[in-house]
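Asker: Let me give you the structure first, and then I'll get to my questions.
The values are calculated or read from the model by the stated rules, or taken from the named source; none is laboratory data. Nothing here was measured: the structure is a model prediction, and the numbers come from that model. When we count neighbours, we look across all protein chains shown, and the Cβ atoms used for this are built from the backbone with ideal geometry, even at glycine.
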There are 2 protein chains.
Amino acid sequence: MLESEETLPEAVDLSRHLSALARARTPSPLKNLQRYMNKPGLISMAGGTPNPMYFPFHTLSAEVLEKDAYPLELPAQSSSFSWFWRLFGSKSAERTTSFTIPKYPLKPDDINLAVSLQYSLATGMPQLSKVIREFTEKVYRPAYSNFQTLVHTGNTDGWGKCVFTLCNPGDGVLCSEWTYPSAMAGLRPYGVTPVPVGMDSQGMSSIDLRRVLFEWDPAANGGMARPHIIYTVPVGQNPTGATMGAIRKKEIYAICVEYDVVIVEDDPYYFLQQAAYVPKSERVKEAQVSGDETDFVASLAPSFLRFDYQGRVIRLDTFSKTVAPGSRLGWFTCNPMFAERLERQSEVSSQMPCGFGQAMVASLLLKWQYPGYVRWLRALHLQYQQRRDFMIDCLWDAFDLHASVATEGVQSGTVVYSARLKTLKGSLNEKGGVSTRGTVFSFVPPTSGMFLWFKLHLDAHPAVATVGYKQLELKLWMALLDADVMFSPGQMFSADEVVDETPGAGHFRVSFSMTDEKETKKAVEIFAAIMREFFTEF
Amino acid sequence: MLESEETLPEAVDLSRHLSALARARTPSPLKNLQRYMNKPGLISMAGGTPNPMYFPFHTLSAEVLEKDAYPLELPAQSSSFSWFWRLFGSKSAERTTSFTIPKYPLKPDDINLAVSLQYSLATGMPQLSKVIREFTEKVYRPAYSNFQTLVHTGNTDGWGKCVFTLCNPGDGVLCSEWTYPSAMAGLRPYGVTPVPVGMDSQGMSSIDLRRVLFEWDPAANGGMARPHIIYTVPVGQNPTGATMGAIRKKEIYAICVEYDVVIVEDDPYYFLQQAAYVPKSERVKEAQVSGDETDFVASLAPSFLRFDYQGRVIRLDTFSKTVAPGSRLGWFTCNPMFAERLERQSEVSSQMPCGFGQAMVASLLLKWQYPGYVRWLRALHLQYQQRRDFMIDCLWDAFDLHASVATEGVQSGTVVYSARLKTLKGSLNEKGGVSTRGTVFSFVPPTSGMFLWFKLHLDAHPAVATVGYKQLELKLWMALLDADVMFSPGQMFSADEVVDETPGAGHFRVSFSMTDEKETKKAVEIFAAIMREFFTEF
C-alpha cells in the first residue's frame, strides 16, 4: 500500500469506467464565467443571481446540544439507563450552546447568509468543504493524497449520481444478496440490474465475489457484460447489521483490482460501530468508550479508502445518522477524475446543497471543532449500543435464547442466537408439536448500525409446504401489524426477486433506533405472543 | 377552456409521453411501509430513522424582514432612490420579526425539528405542501381541479427530473433559439438534443413553432422523431427578458394540443414582472404598485396552467428569486400521473428537500400568510423595476439612444433602443468612419426578470469580415473583463452551437440585480469607453 503522501498512480486508467454519457458530457457553460467571479474590483453583471438585499432572512440562530451532551459511560443494567433516557427526553436537562449566522460577514471568512443563501458552485460552501476534507483525511486516511471530497445531498443522491456517472443501460451492479432496497430501486431508472453476491457475518463474501466474477458468462446473463461496479454498505450493513473488517476489505479490494471493478462504499452507519453484545446476565461492566478521540477513530473498521492505492473507491458519507437526515448533506470521496464528473452532474441536477442546511451544519462543526465532533460521535455510538443491548435483553426475557457458532449462510462465522418459544407455566396453554420446541427465529447481534436482522425459521411452520415461506413471512408481518407492531418484511431487502417456491427462511429487519424502553419491551412481548400463535394456531 | 372545478379529462392519454424508463419504473419498495407509519398506537421498528434525541439542533430561530419591509412606491428619479438603497443596505434600518422552531411540537401541527430534520416522504413537509398547493390554486388558477403540486430542490433539479421522466435518449426538446444554457447542458447527460425555435419580443414564436413541427422530417434530423416536449422560460425569458402574454400562450398551447407536445414552463422570474420602461426624461410619476393583492396577481401574465385543459403542462416554480436560491426549494405543478412518476424519481435521487430549508421557508410563509407573501412580491418586483430603470438611465447618459419599433428577429414587435457612440466634445478624440456613427448595440427594455439583452451590431465593426462575429464578441467580452466589467457572452445562450461564419450579431446578457447604483453607473461608463475603443481602435 502507498503512503498517503503519494498521489494516485497515473498508470491506472479508470476513465473506462465512466458511462458513455459521462464521457461525452461537456463541462457546464457557466464554469468559465464563475471562475472569474472572484477577481477583486470586478463589477460582475454576468450572473443570474438575485440581490441578497431581498433575502428575507436577516439572521439565523440555532440552539444546539453541547458536544458532550451525552456521556461516554452508561450503566450496565437498563433499569438505571431508563432513568437516563427520561432525563434526556425532557428538554430542561439538555445542555445547549448557540450560534447566530448574520446576513453579512463581520470577518471575511465568516459564514453569512448573503453567501450561504446565494447560488454557488456545486462544490458548496468553502468553509464546509474545508471541514469535510480535513475530517476525511484524519478519519479515513485515504491511501493517496490527491483524493477529492465533494458535497452531495445525501447518500441516496450520491449513489444515484454514481450510477449515472459509471453505468450504461444494460450494466449490472454487484451487491450483497441482502441489501438496501432504495439503492436497488435507484438502479432501475438507469436500466441497470443488481447482481447479488453471497454473504456471511462480515457482509459480502470475498469468496463468492471471486466466484461470480470468475464464472461470469455474458451468455448466461442475457448478454450482460461482467459488472464493473460494486455497491456495498460495509458497516452496519443494511439489513443484516454486519461489519466488514480490514482483512475482508483487503480481500475484496484485491479482487476488484484483478477484475477492474470500482467500489462504491455507502457508509452511513460508520460511526455507529458497537462493542460485541454481552448477554445481560454476564454484563457487569458499564458500557463505555475508553481512550481519547484518536483511540476511538483508530478503533473503527477502516474505510475502503485506506486500501485504495488505485483510486477505485467512491466513498459516500452523510450527516443523516450523525447530525440529522433532514440535513440532506453528505459527500463523495474519490479520485479527481470521478470527482470532476460528479461535480458536472451536480451542476445540472441538485446544484449546491441547501444553503440553510450547509450553513447550519458547517456552523455546528466549526462550533464543536474536530475533537468536539468526534466527542459527539463517541457518545452517539454508545447510545445506539445501549438501545441494541436493551432490545436483545428483552428478547432474552420473552424467548428461550441459545447461543452457538453458525457455520453457513449470512450468519456464518459468528455467534448466533436461536430463539425458541418459551414453555408456558401450566400445561393448559402449552401446545404440542415440533414447531413450539424448535428454533422459531435466530439472529446475530449486530456490531454496528441500528438494525436486528431476524431469520425466521419458517421450515418449522406447519403450513410451509402449502403456503410457501414468502407468503408466510407476509402473513406473520400482517399479524404483527394488526397487533400494532411494525417490522420491515425481509423480502424487501432481497437483491433478487424473492420467489415463493424457493426453500429458505423468512426475515424481518427490526430497527431499535426509534422506540423507547417501554415501547421496545412491549413490541418484543407482542412479537413473542404473535409468534406463539403463528407457530401453533395457524 | 374548462372551469377549474372540472377534473382532467381521461380521454387525453399523456402516458405515451413518459420515457421508457419512467414507464417501466416500479414504485419504491418503501412506499407501502411508509403508508402504515401514521397508524395511531403503532410501535414502528420498520424505518431506518435515527432517533431525533440525537439531532444536535434543539431550536432554530430566524430574524426575518417584515412582509412590508420594502415600499410599494418609489420616487421617479434615482437620486432619491439612491438614498433609499443606502437605507436598506444598512442593517439598523431594517424592520424585522422573528420565529423559533422548537425540537418538539407544542401543538400537533406545529413545525418542529424532530419531524423537519427527520427522513420524510419525497413529498416533504405537509405544512409546506399545503401552503404551496393553496398558493398555486390562488395565483395560477390551473384549468383543472385535480392538479398536483410536488416539491423539488430548485428548477434545475425539477427540469432534470422532467427530462428523465419524459425523454428517451435520442429525443429532441423544443426551446427558444436563445435560452438558459444550464437547462440545455442538462439535456446532454440524457442523450437529448435542443431543437431551437425562432423568437420575437414575446419569446418563442408560435408561427415558428408551428413551422418546425409541421415541417419536421426525421430523415433531415438524423432520424430524430418530432419532439414532444417544449422547454420555455415564458416570463423574464433568459436571456432576452421577454414576457409571453396570454394570447401567445394560447396559440402555443393550441399547437401543442395539435401536435401532442408537453410544455415544461420554467418560470423563476414570474413575480419580477415589471411595468414598461419610460425614459428618464419622460418619467414624472413615481413607480408604484396600485391596487391590492388580488389586483396585483390579476395583473400578471397568466401561467400556461391557466389554459391547460388537457394536463400537458408541467410548471416549475422556485423560491430562488423570491426568497433565496440557497433554499434549494421549489415545486412542480402538473397532472397526477406525471406527479406520481416525478415523486418516484425523487425517492431514488434527492429524496425530500433539505429539512432546514423546508422548515425555514414554511415558517416564513406561515408567518407572513398568503397576503403577506404577495405583499412581499409586490414590493420585490418594484425593486427590480427600479434597478432596470436605473441601468437604462445610465445607458442614456453614456450613449446616444434612439427609440424605434423593431420589425424582425428577437426584437420584433416592440420598442427597441439603438445606441450610438456619443460624439465627443472637441474633434481631437473623434474618429471618423461609419462605425462610430452607426448603431453599435441595441436592446429591448425587459418587462420582467433581471437581465438586459444587448444585441451587438458587429456588422458595423471594421474587422467583422476577417475575424467573424463570434470571435469579435469574445474579444469585446475579454476587453471588458480586462477593464473589470463582466457581462455574459451571448453565445453561451444559443440553443445551437454558434458558428463563427454565420452572419449576424453578437450579444451580451447583462444582469442588473446585483450591482448598486455606483457600480452600475461605473460599469456602463466603462462599457461606453470600451465600445468606443473597440469600434474605432481595433
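Asker: Quick one: in region A:271-296, of everything that is among the aliphatic types (A, V, I, L, M) and over 21 Å from B:Pro50 (Cα atoms), which residue is surrounded by the most Cβ atoms within 10 Å (Cβ to Cβ)? Working first, answer last.
Answerer: Keep residues of region A:271-296 that are among the aliphatic types (A, V, I, L, M), which gives A:272, A:275-276, A:278, A:284, A:287, A:289.
Subsequent filtering for residues that are over 21 Å from B:Pro50 (Cα atoms) retains A:278, A:284.
Values: A:Val278: 15, A:Val284: 8.
Among those residues, the one meeting the criterion is A:Val278.
Asker: With respect to B:Phe338, determine if the residue is more than 14 Å from every other protein chain (Cβ to nearest Cβ) and farther than 24 Å from B:Gln202 by Cβ. Walk me through it before giving the result.
Answerer: Numbers: more than 14 Å from every other protein chain (Cβ to nearest Cβ): yes; farther than 24 Å from B:Gln202 by Cβ: yes.
The answer is yes for B:Phe338.
Asker: Restricting region A:116-165 to residues that are among the hydrophobic types (A, V, I, L, M, F, W, C) and modelled with pLDDT under 95, which is surrounded by the fewest Cβ atoms within 10 Å (Cβ to Cβ)?
Answerer: The initial filter retains those residues of region A:116-165 that are among the hydrophobic types (A, V, I, L, M, F, W, C), namely A:117, A:121-122, A:125, A:128, A:131-132, A:135, A:139, A:143, A:147, A:150-151, A:159, A:162-164.
So of that shortlist, the ones also modelled with pLDDT under 95 come out as A:121-122, A:164.
Numbers: A:Leu121: 19, A:Ala122: 21, A:Phe164: 24.
My answer is A:Leu121.
Asker: Given the conditions (1) surrounded by fewer than 21 Cβ atoms within 10 Å (Cβ to Cβ); (2) within 14 Å of chain B (Cβ to nearest Cβ), which single one is not true for A:Pro462?
Answerer: Of (1) surrounded by fewer than 21 Cβ atoms within 10 Å (Cβ to Cβ); (2) within 14 Å of chain B (Cβ to nearest Cβ), only one is false for A:Pro462: (2).
Asker: Mind checking which residues of region A:309-332 are facing chain B (nearest Cβ under 8 Å) and small (Gly, Ala, Ser)?
Answerer: A:Ser320, A:Ala324, A:Gly326, A:Ser327 - these are the residues of region A:309-332 that are facing chain B (nearest Cβ under 8 Å) and small (Gly, Ala, Ser).
Asker: Looking at B:Pro189, B:Pro196, B:Pro169, which is the one that is over 28 Å from B:Val323 (Cβ atoms) and in contact (Cβ under 8 Å) with a residue 40 or more places away in the chain?
Answerer: Values: B:Pro189 fails: in contact (Cβ under 8 Å) with a residue 40 or more places away in the chain; B:Pro169 fails: in contact (Cβ under 8 Å) with a residue 40 or more places away in the chain.
When all the criteria are applied, what remains is B:Pro196.
Asker: Let me confirm something: among B:Val415, B:Val410, which residue is modelled with pLDDT of 80 or more and assigned by the TED database to the domain that holds B:Ala528? Break it down into steps so the answer makes sense when it comes.
Answerer: Numbers: B:Val410 fails: modelled with pLDDT of 80 or more.
That would be B:Val415, the only listed residue that is modelled with pLDDT of 80 or more and assigned by the TED database to the domain that holds B:Ala528.
Asker: Between a residue in region B:46-58 that is more than 7 Å from chain A (Cβ to nearest Cβ) and any residue that is of a type in the set (A, V, I, L, M, F, W, C), which pairs come within a Cβ distance under 9 Å, given they are 6 or more apart or on different chains?
Answerer: Close Cβ pairs (under 9 Å, with a partner that is of a type in the set (A, V, I, L, M, F, W, C)) amount to B:Pro52/A:Ala324; B:Pro52/A:Met514; B:Pro52/B:Leu113; B:Pro52/B:Ala114; B:Pro52/B:Val115; B:Pro52/B:Leu117.
Asker: Okay, moving on. Hey, among the residues in region A:131-184 that are of a type in the set (Asp, Glu) and more than 17 Å from the chain's Cα centre (by Cα), which one's farthest from A:Gly311 (Cα to Cα)?
Answerer: Restricting attention to region A:131-184, the residues satisfying the condition of being of a type in the set (Asp, Glu) are A:134, A:137, A:157, A:171, A:177.
Subsequent filtering for residues that are more than 17 Å from the chain's Cα centre (by Cα) retains A:134, A:137, A:171.
Numbers: A:Glu134: 18, A:Glu137: 15, A:Asp171: 21 Å.
Checking each candidate, the answer is A:Asp171.
Asker: Here's another thing I want to ask about it. For region A:364-380, how many residues are surrounded by fewer than 22 Cβ atoms within 10 Å (Cβ to Cβ), of a type outside the set (A, V, I, L, M, F, W, C) and within 11 Å of another protein chain (Cβ to nearest Cβ)?
Answerer: Summing the residues that are surrounded by fewer than 22 Cβ atoms within 10 Å (Cβ to Cβ), of a type outside the set (A, V, I, L, M, F, W, C) and within 11 Å of another protein chain (Cβ to nearest Cβ) in region A:364-380 gives 2.
Asker: If I ask for residues that are hydroxyl-bearing (Ser, Thr, Tyr) and away from every other protein chain (no Cβ under 14 Å), which ones from region B:179-238 would you list? Give the derivation first.
Answerer: Narrowing region B:179-238 to residues hydroxyl-bearing (Ser, Thr, Tyr): B:179-180, B:182, B:190, B:193, B:201, B:205-206, B:231-232.
Those that are hydroxyl-bearing (Ser, Thr, Tyr) and away from every other protein chain (no Cβ under 14 Å): B:Ser201, B:Ser205, B:Ser206, B:Thr232.
Asker: Residue under question is A:Thr294, and the condition is that it be over 15 Å from A:Asn155 (Cβ atoms), free of Cβ contacts under 8 Å to residues at least 60 places away in the same chain, in contact with a helix residue (DSSP H, G or I) (Cβ under 9 Å, 6 or more places away or on another chain) and of a type in the set (S, T, N, Q); does it hold? Give the steps one after another, and end with the answer.
Answerer: On the way: over 15 Å from A:Asn155 (Cβ atoms): yes; free of Cβ contacts under 8 Å to residues at least 60 places away in the same chain: yes; in contact with a helix residue (DSSP H, G or I) (Cβ under 9 Å, 6 or more places away or on another chain): yes; of a type in the set (S, T, N, Q): yes.
Taking the combined requirement at face value, the residue satisfies it.
Asker: Do you know which of the residues in region B:520-536 that are surrounded by 19 or more Cβ atoms within 10 Å (Cβ to Cβ), touching a helix residue (DSSP H, G or I) at 6+ places or on another chain (Cβ under 6 Å) and more than 14 Å from B:Asp397 (Cα to Cα) is nearest to the other protein chains (Cβ to nearest Cβ)?
Answerer: B:Phe534
Asker: Select from region A:199-239 the residues that are in contact (Cβ under 8 Å) with a residue 60 or more places away in the chain and aromatic (Phe, Trp, Tyr) and list them in ascending order.
Answerer: Listed by number, the list holds a single entry, A:Tyr231.
Asker: Give me a count of the residues in region A:120-166 that are without any contact (Cβ under 8 Å) to a residue 60 or more places away in the chain and polar (S, T, N, Q).
Answerer: 2
Asker: Any idea how many residues of region A:507-521 are in contact (Cβ under 8 Å) with a residue 24 or more places away in the chain and within 15 Å of B:Leu42 (Cβ to Cβ)? Steps first, answer last, please.
Answerer: Looking only at region A:507-521, we keep the residues that are in contact (Cβ under 8 Å) with a residue 24 or more places away in the chain, and these are A:507-513, A:516-517, A:520-521.
Then drop every residue that is not within 15 Å of B:Leu42 (Cβ to Cβ), which leaves A:510-511, A:516, A:520.
Qualifying residue count, region A:507-521: 4.
Asker: Go through A:Ala46, A:Ala69 for me and flag whichever is within 24 Å of A:Glu517 (Cα to Cα), crowded, with 18+ Cβ neighbours inside 10 Å, at pLDDT 90 or above and not assigned by the TED database to the domain that holds A:Glu286.
Answerer: Numbers: A:Ala46 fails: within 24 Å of A:Glu517 (Cα to Cα).
It is A:Ala69.
Asker: Has region A:342-349 got at least one residue that is part of a helix (DSSP H, G or I), at the interface with another protein chain (Cβ under 8 Å from one of its Cβ atoms) and not acidic (Asp, Glu)? Spell out how you get there, then give the answer.
Answerer: Of the residues in region A:342-349, the ones part of a helix (DSSP H, G or I) are A:342-347.
Filter again for at the interface with another protein chain (Cβ under 8 Å from one of its Cβ atoms), leaving A:345, A:347.
Okay, now just the ones that are also not acidic (Asp, Glu), so A:345.
Looking through region A:342-349, at least one residue is part of a helix (DSSP H, G or I), at the interface with another protein chain (Cβ under 8 Å from one of its Cβ atoms) and not acidic (Asp, Glu).
Asker: Within region A:378-414, work out how many residues are of a type outside the set (D, E, K, R), under 19 Å from A:Ala275 (Cα atoms) and assigned to a helix (DSSP H, G or I).
Answerer: Matching residues across region A:378-414 total 15.
Asker: Moving on. So, B:Lys280, is that one in contact (Cβ under 8 Å) with a residue 60 or more places away in the chain and over 16 Å from the mean Cα position of the chain (by Cα) or not? Before the answer, list the steps.
Answerer: On the way: in contact (Cβ under 8 Å) with a residue 60 or more places away in the chain: yes; over 16 Å from the mean Cα position of the chain (by Cα): yes.
Yes.
Asker: Could you figure out which of (1) more than 14 Å from chain B (Cβ to nearest Cβ); (2) more than 30 Å from A:Ser19 (Cα to Cα); (3) out of contact with any strand residue (DSSP E or B) (no Cβ under 6 Å at 6 or more places or on another chain) isn't true of A:Arg306?
Answerer: (2) is the only condition that A:Arg306 fails.
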